[in-house]
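Novice: Before I ask anything, here is the structure I am working with.
The values are calculated or read from the model by the stated rules, or taken from the named source; none is laboratory data. For clarity, every value in this text was computed on a predicted model and none was experimentally measured. Because the Cβ atoms are built from the backbone with ideal geometry, glycine has one as well, and the counts that use them run over all protein chains shown.
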Amino acid sequence: MPEVATRELTFAQAIREALAEEMRRDSRVCIFGEDVAEAGTPFKVLSGLVEEFGRERVMDTPISEAGFTGMGVGAAMTGLRPVVDIMFGDFLTLTMDQLVNQAAKVHYMSGGTWKVPMVLRTTLGATRRSAAQHSQSLHAWLSHVPGLKVVMPSTPYDAKGLLKTAIRDENPVVFFEDKMMYKQKGPVPEEEYTIPFGAADVKRKGEDITIVATSSMVQVALGAAELLEKIGVGAEVIDPRTTWPLDEKTLIESAKKTSRAIVVDEGYGRYGVTGEIASVIAEGAFYNLEAPVKRMGAMHVPIPFSPPLEDVTVPTEQTVFEAARTLCGKG
Amino acid sequence: MAISVVMPALEMAQETGKLLAWRKKEGERVTKGEPLLEIETDKAVVEVEAPGDGILAGVTADVGAVVPVGQIIAWLVAPGEKPPAMAVTAAPAARASSSPQRTSAAAAVQATEQRVALATQISPKARRLAKELGVDISKIRGTGHEGTITSEDVQSLAQGEGAAAPPGMELLSQVGRLMAERTTQGWTSVPHFFLVRDVDCGELVAAQTRFRQEMEKTHDAAPTITDVLISLLAKVLVKHTRMNSSWTGEGIRSNPEINVSVAMAVNEGVVGAVIHKANTAKIAQISMLRRELTERARAGRLRPTDITGGTFTLSNLGMYKVDAFSAIITPPQAAILAVGSISDRVVPVDGKPAIRPMMTMTLSSDHRVVDGARAAEFLSDLADAIREPEKVL
């Protein structure tokens, strides 16, 4: 974090500022997607960009995720640096061939002749009452594929710095924003900065238990850490910030120090990001662990529309607190 | 139907709990899971949730009262329903009980307690540290989740904190501690009396040999004398329900099932592994289950159901060449049968000395539940069954 940061931005403003700065800096940067121009996306993240950069660089597309993602891959291969906007992460399913078989493979299969410097921005996260087809967190699918980098910022500061890095990266990057965080405020300095991929951030220091959390689950973990402090348990909250590349060293070192770890992620618990990170910790810190590494993800169900049901489908401050207390032998 | 609210047992050595506060007033509606009362044990203050839905009624414990664990302190009733007139209360001793009618809360606690005692876990870090520091793991009492031994436990023992005991004194394992508690409780709270009986085991041994020959082929089972005794015992108990009953403090409760607990030696003490409904099980089933229980007991992997619900205990020290011994009752069971080895002795048969395979049985009984005559009738029927096992089996 910057030493002096008096200015506060929302998460959405930080994203918009990163895009605007990169578009001013590099005329090859352009945006494709549904309702990205005058509408500025349903989340109003891109408001104002079309006014500054025009319809040639902020381009509304037909409702065809497979089509315009493919357009993005081609544009990136032929010299542009497109930022493709997929409104809901659930619609990633339509882009899978372009991402998995094209974007992720082109550099390798062309022997390094072609590259795909494309960013695909999309959303994740439940509890917005958007029902089963608009509430999923499918980042594990893409973290599984070699050739893609996957970014999951948790604060406005990280969002801006990581998005600028993503746009400048020579490889395809999938950038996940939790739609519930767009209005969350945080310090963002005026001056230029970027954040490297594969560098976890310790959001809170602690000695008794490590809570690894991604995206909006970082806030949940920090809330749980506050509750834990009241019962004398010091929780260290670590945000990997990118699921690939993954900063294994920071995670393992923290777990070795605290001897206990929980991994919290809003994707499905089964075969998910939590399982991967928990394994990394178990393999790296096994002989320093006092307890099994605990995974906490979404329940293995379609995300319910019913608010009371939806709220218990994903981890909460209270459930993380209870799990941590049990692991520490205090519950 | 009215739901009882009992003083729960939350810890291993807890006999009583102090009522700190009622969170609901008498007559107030309560829903399951809502905080109902707050209690204090010697280690912590705990909030207790309502066990069901209903209206709080029949509160018998006031704030500040110290109440034995397992005792009913209130009821949750339906609108218009009156709480049961005589609240059945359990003696403090009931905490360690395995009575089938105990409250589910107490059962859960007991199950946890015993699981902790029998299957001690150790964390990877603690195991590594114990090796590095040369600490004997079996001397450590775990303080982590569900009794897991943590590296702190290892370190405190290595630094001599955990081992505050004077030199030459052995620290108790959890099994050892539990055995000490249970036997002290049984011996000091139950008025024991003992009946001794010698019995001719010629037919018993013959029956066992026959079973073994048959079942080795059909069931992959090899029944032991203990297995046949469990079966005979359970079948004789069907007629003698009083021997299969429990003292409750208020009266005598007859147990609906005949669950024979078999005393088994493990590393640091003895555990009672239970053959549930032994009276309805075939010899082969008993034999296979008893063998499984023995293996799990030796590996320290007995499950809570393996050691709960026993209504009568059989303890056989025959394999140690013991002739006879007297055993301590495990409350709330009313009796325990101690059997020694089967050995050739000279006894009169038809007025002449003969050499017969004899066994001495010692029946310990709770005098609050049975008297000498009643226990003698049971022992006599059991002796008949052993003399002529084919009639019973």
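Novice: Given the residues A:Ser137, A:Ser110, which is the only one that is within 30 Å of A:Asp311 (Cα to Cα) and out of contact with any Cys (no Cβ under 6 Å at 6 or more places or on another chain)? Can you show your working first?
Specialist: Working: A:Ser110 fails: within 30 Å of A:Asp311 (Cα to Cα).
Criteria check complete, one pass: A:Ser137.
Novice: Looking at the range A:317-330, is at least one residue in contact with a Gly (Cβ under 7 Å, 6 or more places away or on another chain), within 26 Å of A:Gln133 (Cα to Cα) and either among the β-branched types (Val, Ile, Thr) or in contact (Cβ under 8 Å) with a residue 12 or more places away in the chain (or both)? Can you show your working first?
Specialist: So the first thing to find is which residues in the range A:317-330 are in contact with a Gly (Cβ under 7 Å, 6 or more places away or on another chain), and the list is A:317, A:322, A:325, A:329.
The next check asks that each one be within 26 Å of A:Gln133 (Cα to Cα); those that pass are A:317.
Checking the rest, the ones that are also either among the β-branched types (Val, Ile, Thr) or in contact (Cβ under 8 Å) with a residue 12 or more places away in the chain (or both) come to A:317.
Yes: the range A:317-330 contains one or more residues that are in contact with a Gly (Cβ under 7 Å, 6 or more places away or on another chain), within 26 Å of A:Gln133 (Cα to Cα) and either among the β-branched types (Val, Ile, Thr) or in contact (Cβ under 8 Å) with a residue 12 or more places away in the chain (or both).
Novice: Condition first: out of contact with any Asp or Glu (no Cβ under 7 Å at 6 or more places or on another chain) and of a type outside the set (S, T, N, Q). Now tell me which residues in the range A:141-152 satisfy that. Explain how you work it out, then say what you get.
Specialist: Pass one, the range A:141-152, residues out of contact with any Asp or Glu (no Cβ under 7 Å at 6 or more places or on another chain): A:141-148, A:150-152.
Scanning the range A:141-152 gives A:Trp141, A:Leu142, A:His144, A:Val145, A:Pro146, A:Gly147, A:Leu148, A:Val150, A:Val151, A:Met152.
Novice: If you don't mind, there's one more thing I want to ask. Go through the range B:273-299 and report how many residues are surrounded by 16 or more Cβ atoms within 10 Å (Cβ to Cβ) and not in a helix (DSSP H, G or I).
Specialist: The total comes to 5.
Novice: Being under 13 Å from the mean Cα position of the chain (by Cα) and closer than 17 Å to A:Val150 by Cα is the filter here, so list the residues in the range A:168-200 that pass it. Give the derivation first.
Specialist: Quick first cut of the range A:168-200, residues under 13 Å from the mean Cα position of the chain (by Cα) only: A:173-182, A:197-198, A:200.
Within the range A:168-200, A:Val173, A:Val174, A:Phe175, A:Phe176, A:Glu177, A:Asp178, A:Lys179, A:Phe197, A:Gly198, A:Ala200 qualify.
Novice: Quick one: is B:Val205 part of a helix (DSSP H, G or I), modelled with pLDDT of 85 or more and under 30 Å from the mean Cα position of the chain (by Cα)?
Specialist: Numbers: part of a helix (DSSP H, G or I): yes; modelled with pLDDT of 85 or more: yes; under 30 Å from the mean Cα position of the chain (by Cα): yes.
In short, yes.
Novice: For residues in the range B:146-160 being outside any helix (DSSP H, G or I) and among the β-branched types (Val, Ile, Thr), which is farthest from the other protein chains (Cβ to nearest Cβ)? Reasoning before the result, please.
Specialist: Going residue by residue through the range B:146-160, those that are outside any helix (DSSP H, G or I) are B:148-150, B:159-160.
Filter again for among the β-branched types (Val, Ile, Thr), leaving B:148-150.
Working: B:Thr148: 7, B:Ile149: 9, B:Thr150: 5 Å.
Among them, the one singled out is B:Ile149.
Novice: Moving on to the next point. Wholly within the range B:40-102, which strands (runs of 3 or more DSSP E) include no fewer than the required count, namely at least 1 residues that are more than 30 Å from B:Ser261 (Cα to Cα) and at pLDDT 85 or above? Let's see the steps before the verdict.
Specialist: Working: elements: B:45-49, B:54-57, B:66-68, B:72-77.
It comes to B:54-57, B:72-77.
Novice: Can you name every residue in the range B:233-258 that is under 29 Å from B:Arg387 (Cα atoms) and surrounded by 22 or more Cβ atoms within 10 Å (Cβ to Cβ)? Spell out how you get there, then give the answer.
Specialist: Filtering the range B:233-258 down to residues under 29 Å from B:Arg387 (Cα atoms) leaves B:233-246, B:254-258.
B:Leu233, B:Ala234, B:Val236, B:Leu237, B:Met243, B:Asn244, B:Ser245, B:Ser246, B:Asn255, B:Ile258 - these are the residues of the range B:233-258 that are under 29 Å from B:Arg387 (Cα atoms) and surrounded by 22 or more Cβ atoms within 10 Å (Cβ to Cβ).
Novice: Confirm whether B:Glu170 is under 29 Å from the mean Cα position of the chain (by Cα), modelled with pLDDT under 90 and either in a helix (DSSP H, G or I) or not hydrophobic (A, V, I, L, M, F, W, C) (or both).
Specialist: Numbers: under 29 Å from the mean Cα position of the chain (by Cα): yes; modelled with pLDDT under 90: yes; either in a helix (DSSP H, G or I) or not hydrophobic (A, V, I, L, M, F, W, C) (or both): yes.
It is true that B:Glu170 is under 29 Å from the mean Cα position of the chain (by Cα), modelled with pLDDT under 90 and either in a helix (DSSP H, G or I) or not hydrophobic (A, V, I, L, M, F, W, C) (or both).
Novice: If you take just the strands (runs of 3 or more DSSP E) that sit entirely in the range A:226-331, which of them hold at least 1 residues that are crowded, with 22+ Cβ neighbours inside 10 Å, within 14 Å of chain B (Cβ to nearest Cβ) and modelled with pLDDT of 95 or more?
Specialist: Working: elements: A:235-239, A:242-244, A:261-268, A:294-298.
Correct list: A:261-268.
Novice: Give the residues of the range B:351-389 that are among the β-branched types (Val, Ile, Thr) and surrounded by fewer than 21 Cβ atoms within 10 Å (Cβ to Cβ), sorted by residue number. Reasoning before the result, please.
Specialist: Restricting attention to the range B:351-389, the residues satisfying the condition of being among the β-branched types (Val, Ile, Thr) are B:355, B:360, B:362, B:369-370, B:386.
Scanning the range B:351-389 gives B:Ile355, B:Thr360, B:Thr362.
Novice: Restricting attention to the range B:316-329, which residues are touching a helix residue (DSSP H, G or I) at 6+ places or on another chain (Cβ under 8 Å) and either exposed (fewer than 14 other Cβ atoms within 10 Å of the Cβ) or within 13 Å of B:Met243 (Cα to Cα) (or both)?
Specialist: Answer for the range B:316-329, where residues must be touching a helix residue (DSSP H, G or I) at 6+ places or on another chain (Cβ under 8 Å) and either exposed (fewer than 14 other Cβ atoms within 10 Å of the Cβ) or within 13 Å of B:Met243 (Cα to Cα) (or both): just B:Ile329.
Per-residue answers, yes or no, for (1) crowded, with 18+ Cβ neighbours inside 10 Å; (2) among the β-branched types (Val, Ile, Thr); (3) in contact with a His (Cβ under 7 Å, 6 or more places away or on another chain); (4) without any contact (Cβ under 8 Å) to a residue 12 or more places away in the chain:
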position	(1), (2), (3), (4)
A:Gly48	no, no, no, no
A:Gly72	yes, no, no, no
A:Met77	yes, no, no, no
A:Ile86	yes, yes, no, no
A:Phe91	yes, no, no, no
A:Thr95	yes, yes, no, no
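Novice: For A:Thr123, are the conditions met, namely being farther than 20 Å from A:Glu34 by Cα and hydroxyl-bearing (Ser, Thr, Tyr)? Break it down into steps so the answer makes sense when it comes.
Specialist: Working: farther than 20 Å from A:Glu34 by Cα: no; hydroxyl-bearing (Ser, Thr, Tyr): yes.
No: the conditions fail for A:Thr123.
Novice: Further question: Can you tell me how many residues within the range B:300-315 are crowded, with 17+ Cβ neighbours inside 10 Å and among the charged types (D, E, K, R)?
Specialist: Number of matching residues: 1.
Novice: Let me ask something else about it. Just checking, which of A:Val29, A:Val50 is more than 29 Å from A:Ala200 (Cβ to Cβ), of a type in the set (A, V, I, L, M, F, W, C) and in contact with an Asp or Glu (Cβ under 9 Å, 6 or more places away or on another chain)?
Specialist: Matching residue, one of A:Val29, A:Val50: A:Val50.
Novice: Find all pairs meeting these conditions: Cβ atoms under 7 angstrom apart; at least six residues apart or on different chains; first residue within the range B:267-288 and hydroxyl-bearing (Ser, Thr, Tyr); second residue buried (at least 21 other Cβ atoms within 10 Å of the Cβ) and assigned to a helix (DSSP H, G or I).
Specialist: B:Ser287/B:Asp227
Novice: Let me ask something additional. Out of the residues in the range B:128-145 that are in a helix (DSSP H, G or I) and more than 8 Å from chain A (Cβ to nearest Cβ), state the one that is nearest to A:Ala282 (Cα to Cα). Steps first, answer last, please.
Specialist: Let us first name the residues in the range B:128-145 that are in a helix (DSSP H, G or I), namely B:128-133, B:137-139, B:145.
Filter once more, so that each one left must be more than 8 Å from chain A (Cβ to nearest Cβ): B:129-133, B:137-139.
On the way: B:Leu129: 17, B:Ala130: 20, B:Lys131: 20, B:Glu132: 20, B:Leu133: 23, B:Ile137: 23, B:Ser138: 25, B:Lys139: 27 Å.
For the range B:128-145, the residue satisfying everything is B:Leu129.
Novice: Also, I was wondering about something else. Within the range B:358-393, track down each residue that is assigned to a loop (DSSP other than H, G, I, E, B) and farther than 24 Å from B:Arg345 by Cβ.
Specialist: Taking the range B:358-393 first, the residues assigned to a loop (DSSP other than H, G, I, E, B) are B:367-371, B:388, B:393.
B:His367, B:Arg368, B:Val369, B:Val370, B:Asp371, B:Leu393, listed by residue number.
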